[in-house]
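Structure, as structure tokens:
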Amino acid sequence: MSDVPFVGLKAQYTALREEIRAAIDRVCDAQAFVLGEEVASLESEIAAFTGAPYAIGVSSGTDALLAALMAEGVGPGDEVVTTAYSFFATAGVIARLGAKPVFVDIDPESFNLDPKAAVASVTERTRAIVPVHLFGRCADLDPILDIARERGIAVVEDAAQALGTRDAAGREAGTLGATGCISFFPTKNLGGFGDGGMVITCDEARAEKLRSLRVHGTVGVYDHAIVGGNFRLDAIQAAVLRVKLPHLRGWIAARRERAERYREQLQSVGSHVTLPRDVAGHAMSQFVIRTPARDALRAFLAKAGVQTQVYYPIPLHLQACFRDLGYGAGDYPMAEAAAADSLALPLYPELSDGDQDRVVAAIGDFFDRS
Ligand SMILES: *Cc1c(COP(=O)(O)O)cnc(C)c1O
């Protein structure tokens with residue numbers, strides 16, 4: 001029997017194969033490969049999907065964050081408050097601009113940055129706050145938006161895992177702060193056939209600046225008012241994403257159903273594992289359980305043909321490249337605990353009952369034996 005894959009991209013491709021191939025052909029026939037009509041159309045469609053009036057297609061989720069922070073003028077001497085528990089890019093972009101990442105611990109239930117700790121970490125030097133909607137769950141932004149408004153600080157949302165996520169009030173993730181940064185990496189909720197990303201914003205001036213930043217800061221063709229980069233999105237990515245976008249709400253609903261099924265079926269091992277709580281608007285980009293036996297369980301599941309992932313084994317404040325910042329083990333106990341005991345199970349819209357049953361049975365076997 002073949003493994004239960006961690007992300008089953010093949011099923012989605014098979015279902016949309018003809019349409020995707022036609023979309024790629026359209027780009028080949030037009031011979032227009034960078035930005036252009038396909039990207040402009042995807043931008044309008046993402047704007048409509050999120051309700052943000054402006055969307056700027058860029059080369060990756062990382063570049064979306066980088067450009068968004070550049071648009072706020074983040075640079076040397078600035079501090080940027082962010083979570084200690086995320087994908088590396090969240091903090092990497094801050095450091096690349098010469099600014100100082102100021103990490104805060106997470107709320108253990110949501111895995112998202114603790115809003116009180118974030119507010120307490122704001123200083124005179126804070127230029128931006130970068131909350132992450134980790135695993136597709138909206139971070140608690142209200143306290144952060146309040147202090148940001150008071151102090152004139154920009155909130156740049158890392159919504160790389162959260163296109164289609166909503167908060168408890170039904171507001172779309174990525175539209176709450178100054179800018180929201182989306183990733184179209186193949187394994188995200190809406191995945192392209194390579195790298196891609198987008199910045200969304202409700203602010204026209206920021207949108208204009210971002211459009212300029214993504215083409216080396218040009219204002220005309222060869223005149224540069226600011227220094228930007230090559231952050232352009234490819235037309236082929238946009239064409240593929242445009243085929244997939246109309247399915248995204250349905251896929252999120254399917255993810256939520258799969259997650260609910262895990263919750264029901266994993267009741268029997270409930271004394272050994274903590275399951276992710278269902279909250280309104282959770283896009284269930286990842287289904288992350290917690291158990292002190294994480295490493296042994298992961299090895300057991302691999303042998304049983306069930307692929308899993310650890311997001312993330314080393315919290316950001318303990319990464320070797322940030323040693324100069326002076327953080328140490330014990331500084332952020334909640335992030336460190338999550339790094340030690342969290343395990344992401346296979347979860348995607350096309351996950352079959354049979355494959356999901358195999359995951360559940362293998363987890364049951366593990367705890368029966370231990
Ligand atoms: C994927 C991801 C990114 C980076 O996106 P890329 O498109 O891979 O560059 C940033 N932040 C988070 C939280 C992510 O999950």
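Given a Förster distance of 41 angstrom, what is the FRET efficiency for R277 paired with E150, based on the Cβ-Cβ distance and rounded to 0.05? The pair R277/E150 has a calculated efficiency of 0.85. Based on the Kirkwood approach, the hydrodynamic radius assigned to segment 198-272 is 16.3 Å, with every pair of different Cα atoms included.
Each part gets one Cα centre, and for segment 38-91 versus segment 208-260 those centres are 9 Å apart. Here is how the number arises for the chain: DSSP H runs of 4 or more residues each give -39500 (n - 2.57), the sum is divided by the residue count, and the result at 222 nm is -12500 deg cm²/dmol. The value given for segment 249-313 is a Kirkwood hydrodynamic radius of 13.0 Å, derived from the mean inverse Cα-Cα separation. Both radii come from the Cα set of segment 90-230: Rg as radius of gyration, Rh as Kirkwood radius; their ratio Rg/Rh reads 0.97.
With a/c under 1.5 counting as rounded, go ahead and sort segment 1-58 into rounded, prolate or oblate using the C-alpha gyration tensor (a ≥ b ≥ c being the square roots of the eigenvalues; past the cut-off, prolate if a/b is larger than b/c, else oblate). Oblate, because a/c is 1.5 or more while a/b does not exceed b/c. Length gained on full extension, L16 to D368: 122.6 nm, using 0.36 nm per residue less the C-alpha separation. For K10, give me every one of the aspartates and glutamates with a C-alpha distance below 14 angstrom, ignoring sequence neighbours fewer than eight places off in its own chain. Hits, sequence-local ones excluded: E18, E350.
Taking trypsin sites (Lys or Arg not before Pro) as exposed when their DSSP state is a loop state and no more than 13 other Cβ atoms lie within 10 Å, the longest site-free interval of the chain runs over 126-276. Tell me whether segment 1-115 comes out rounded, prolate or oblate; compute the Cα gyration tensor, take square roots of the eigenvalues as a ≥ b ≥ c, and use a/c under 1.5 as the rounded threshold. Because a/c hits 1.5 or more and a/b fails to exceed b/c, segment 1-115 counts as oblate.
In this simple spin-label model, placing a label point 7 Å from the Cα along the Cα-to-Cβ direction at both K116 and E264 gives a separation of 3.7 nm. Among rounded, prolate and oblate, which fits the chain when a ≥ b ≥ c are the square roots of the eigenvalues of its C-alpha gyration tensor, a/c under 1.5 means rounded, and a/b larger than b/c means prolate? Judged from the Cα gyration tensor, the chain comes out oblate (a/c at least 1.5, b/c at or above a/b). Give the Debye-formula value of log10 I(q)/I(0) at each listed q (0.15 Å⁻¹), with one equal scatterer per alpha carbon of segment 196-352, two decimals each. For the requested q values the scattering log ratios are -1.04.
No value in this document is a laboratory result; all are computed from the given coordinates. The structure presented is a predicted model; accordingly, all values stated were derived computationally and were not measured. Ideal geometry is used to build each Cβ from the backbone, glycine not excepted, and the neighbour counts take in all protein chains shown.
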